[in-house]
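Contents: one structure, followed by commentary.
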Amino acid sequence: MAKSDQTLMQMACGVLQGPLRPWVYFGLALGLIFTVIFFYSGWRFLGAESVNAHFHWAVALLLSALFVAMLKMWFWLQMMQNSIIRALKK
């Protein structure tokens with residue numbers, strides 16, 4: 001590994017120190033909230049007795065999982081963008 005290469009942890013911390021820092025923290029908070037919603041919906045889905053309740057909690061489960069996945073992809077794209085900018089500055 002070259003001297004200027006960064007580890008994954010350094011790249012993740014670099015996103016938290018970039019110009020979009022407030023948005024990244026907001027995204028992390030939303031990710032945490034929707035992860036809690038994901039687990040709660042899964043728990044309620046398993047305990048539901050009617051088909052309507054199953055459908056409701058399944059939709060909430062899928063939507064929260066998709067939202068968390070999209071936030072993770074955005075975070076990884078920010079890390080990639082920082083890496084590209086750093087390579088262009090060399």
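Hey, can you tell me all the residues within the stretch 1-31 that are touching a helix residue (DSSP H, G or I) at 6+ places or on another chain (Cβ under 9 Å) and aliphatic (A, V, I, L, M)?
Passing the criteria: LEU8, MET11, ALA12, VAL15, LEU16, LEU20, VAL24, LEU28, LEU30.
Of the numbered conditions (1) surrounded by 12 or more Cβ atoms within 10 Å (Cβ to Cβ); (2) small (Gly, Ala, Ser); (3) modelled with pLDDT under 95, SER4 fails exactly one; give the number of that condition.
Unmet condition: (1).
Yes or no: TRP23 part of a helix (DSSP H, G or I), free of Cβ contacts under 8 Å to residues at least 40 places away in the same chain and more than 25 Å from LEU88 (Cβ to Cβ)?
In short, no.
What number of residues in the stretch 26-55 are in a helix (DSSP H, G or I), among the small types (Gly, Ala, Ser) and more than 20 Å from ALA69 (Cα to Cα)?
Residues of the stretch 26-55 that are in a helix (DSSP H, G or I), as a first pass: 26-47, 51-55.
If we keep only those that are among the small types (Gly, Ala, Ser) as well, we get 27, 29, 31, 41-42, 47, 53.
Keeping just the survivors that are more than 20 Å from ALA69 (Cα to Cα) gives 47, 53.
Within the stretch 26-55, residues that are in a helix (DSSP H, G or I), among the small types (Gly, Ala, Ser) and more than 20 Å from ALA69 (Cα to Cα) number 2.
In the stretch 63-86, which residues are within 15 Å of LEU20 (Cα to Cα), among the hydrophobic types (A, V, I, L, M, F, W, C) and touching a helix residue (DSSP H, G or I) at 6+ places or on another chain (Cβ under 8 Å)?
LEU71, TRP74, PHE75, MET79
Keeping to the stretch 32-89, report how many residues are touching a residue at least 40 places away in the same chain (Cβ under 8 Å) and not basic (Lys, Arg).
Counting residues in the stretch 32-89 that are touching a residue at least 40 places away in the same chain (Cβ under 8 Å) and not basic (Lys, Arg) gives 7.
Select from the stretch 9-20 the residues that are closer than 13 Å to PHE75 by Cβ and either acidic (Asp, Glu) or not in a helix (DSSP H, G or I) (or both) and write down the one among them that is modelled with the lowest pLDDT.
GLY18
Within the bounds of the stretch 78-89, is there any residue that is of a type in the set (Ser, Thr, Tyr) and in contact with a Ser or Thr (Cβ under 7 Å, 6 or more places away or on another chain)?
no
Residues checked against (1) buried (at least 17 other Cβ atoms within 10 Å of the Cβ); (2) more than 30 Å from GLY14 (Cα to Cα); (3) touching a Pro at 6+ places or on another chain (Cβ under 6 Å):
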position: GLY31; (1), (2), (3): yes, no, no
position: PHE34; (1), (2), (3): yes, no, no
position: TYR40; (1), (2), (3): no, yes, no
position: LEU46; (1), (2), (3): no, yes, no
position: ALA53; (1), (2), (3): no, yes, no
position: ALA60; (1), (2), (3): yes, yes, no
position: MET70; (1), (2), (3): no, no, no
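The values are calculated or read from the model by the stated rules, or taken from the named source; none is laboratory data. Just so we're clear, the structure is a prediction, and the values are computed from it rather than from any experiment. Counting neighbours? That spans all protein chains shown, and the Cβs are built from the backbone with ideal geometry, glycine included.
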